[in-house]
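Chemist: Could you have a look at this structure, given as structure tokens, before my questions?
The numbers here are math on the coordinates, done by the rules we state, and not lab data. A quick note: this is a predicted structure, and the numbers were derived from the prediction, not measured. Every residue, glycine among them, receives a Cβ derived from its backbone with ideal geometry; neighbour counts consider all protein chains shown.
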């Protein structure tokens with residue numbers, strides 16, 4: 001039969017290829033043919049086409065047709081997982097033909113199912129790639145176009161449905177995307193810190209703090225003890241010791257998303273205070289809680305001693321609930337149960353050596369070399385008298401206590417710059433008189449009114465908390481004016 005087929009085909013190459021598969025060749029010959037084309041796509045497709053073209057010709061030869069059906073199934077199974085969409089029409093046709101002739105088609109049908117699954121997977125992959133590129137473009141446009149912010153990111157339904165679920169997760173857990181999401185709100189998040197008026201070069205980093213760590217108490221510079229907002233920290237310090245200035249220093253160097261909150265804004269809760277600064281998905285309470293709990297959103301709460309006990313309790317409860325968050329709280333020494341999950345650090349007053357270094361660091365930056373030398377000499381002469389050993393012990397103690405307060409020392413520095421001699425026992429009266437003398441003619445009646453309205457709430461702290469009152473009165477500014485509120489915030493920079 002093989003000889004007859006050879007003679008009928010006239011020695012043609014296609015007939016010779018077909019005779020390698022049909023005519024009862026030895027099993028090892030068939031296996032050799034399968035091995036040859038296993039990794040040869042072109043030869044495999046040529047053989048499959050040859051079998052498909054031969055099928056109709058075997059209709060009158062049942063044994064040959066059965067042998068051909070076996071070879072088709074062997075060929076398809078031999079290249080399992082290597083057939084693609086281009087082969088699918090021919091495989092479907094062969095499956096139909098074999099099924100009509102009563103032969104099993106399991107291997108062929110499995111190959112077709114794999115091709116279809118791969119097609120769906122490839123389509124899904126293309127959709128995801130296009131979808132990801134679309135959202136990547138939106139993310140790049142997000143900080144610049146309010147329409148993109150409102151339509152795609154701040155609309156929860158659009159974000160969840162059009163985002164296929166994964167966009168929200170990426171925005172929550174990838175730091176770069178988090179920063180990008182909060183970028184339009186950076187000004188709002190840090191507005192109350194007034195960083196635009198903060199000069200980090202003028203910040204004095206030598207203030208010491210006493211912290212308990214690993215069961216031992218250590219005294220170190222505050223910038224070393226708290227280099228960044230990590231974990232939960234309560235920073236305790238007397239009025240004027242520089243708690244708010246230190247927070248502004250941290251915020252100036254922060255690289256992560258950070259929120260600054262005056263404690264009085266937390267009357268409805270800390271989370272509500274943060275939400276008031278945000279829009280869209282960033283305002284979602286669940287999203288915010290996730291970020292805070294995971295340490296992805298840092299939080300500063302300042303002036304806790306200035307609010308009612310009920311607000312302080314809301315702040316304490318919030319901190320304890322989010323015990324894994326990065327939160328720093330600033331407070332004066334008051335009767336308040338600190339959050340159990342936070343460690344405390346206590347700001348120390350300036351030492352005698354630090355007082356000198358602090359005053360010298362307050363020299364105006366625009367002084368000439370001669371002016372700087374004159375300022376340095378004035379400060380040294382003043383300290384030599386104020387802290388002289390021959391001073392009465394009580395007077396020297398008062399002088400050192402006033403000068404050890406960075407806020408008070410800043411005022412002393414300003415007076416020495418103008419060539420004035422501070423009277424540390426009467427510094428409040430001296431500063432008030434100096435300020436009012438430059439008051440542009442505004443009367444004392446307004447000063448007395450403001451003093452009655454404000455000073456009772458400031459008792460117990462550094463007297464310099466009244467400076468905004470005096471200065472604002474001299475300039476004719478009422479407490480309701482934004483400039484007055486800013487003055488109060490700056491004065492509390494050392495509070």
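Chemist: In which sequence would 76, 167 go, from the one with the fewest C-beta neighbours within 10 Å to the one with the most? Intermediate values should be presented prior to the final figure.
Modeler: Numbers: 76 25, 167 21.
The most exposed by this proxy come first: 167, 76.
Chemist: Taking square-rooted eigenvalues a ≥ b ≥ c of the alpha carbon gyration tensor, is region 91-246 rounded, prolate or oblate, where a/c under 1.5 means rounded and, failing that, a/b exceeding b/c means prolate?
Modeler: Values: a/c = 5.70, a/b = 2.70, b/c = 2.11.
Prolate shape, in that a/c is at least 1.5 and a/b is the bigger ratio.
Chemist: Rank-order 192-198, 361-367 by packing density, defined as the average count of other C-beta atoms within 10 Å over each peptide's residues, highest first. Don't jump to the answer; show the numbers that get you there.
Modeler: Numbers: 192-198: 15.7, 361-367: 13.4.
Taking the mean over residues of other Cβ atoms within 10 Å, the ranking is 192-198, 361-367.
Chemist: Could you work out the equivalent-ellipsoid semi-axes for region 188-347, taking the square root of 5 times each eigenvalue of the Cα gyration tensor, largest first, in whole Å? Display every interim value, and only then the final one.
Modeler: Numbers: eigenvalues 107, 66, 47 Å².
Computed over region 188-347, the values are 23, 18, 15 Å.
Chemist: Please provide three numbers in whole Å: the alpha-carbon extents of region 37-149 along the principal axes, with the largest listed first.
Modeler: 76, 27, 18
Chemist: Calculate the length of the line joining the C-alpha centroid of region 227-260 to that of region 77-125, in whole Å.
Modeler: 66 Å
Chemist: Could you state, as a whole-number percent, how many of the C-alpha pairs of region 350-425 are farther apart than 20 Å? Please list the in-between numbers first.
Modeler: Details: 679 of 2850 pairs.
Tail of the P(r) past 20 Å holds 24 percent of the pairs.
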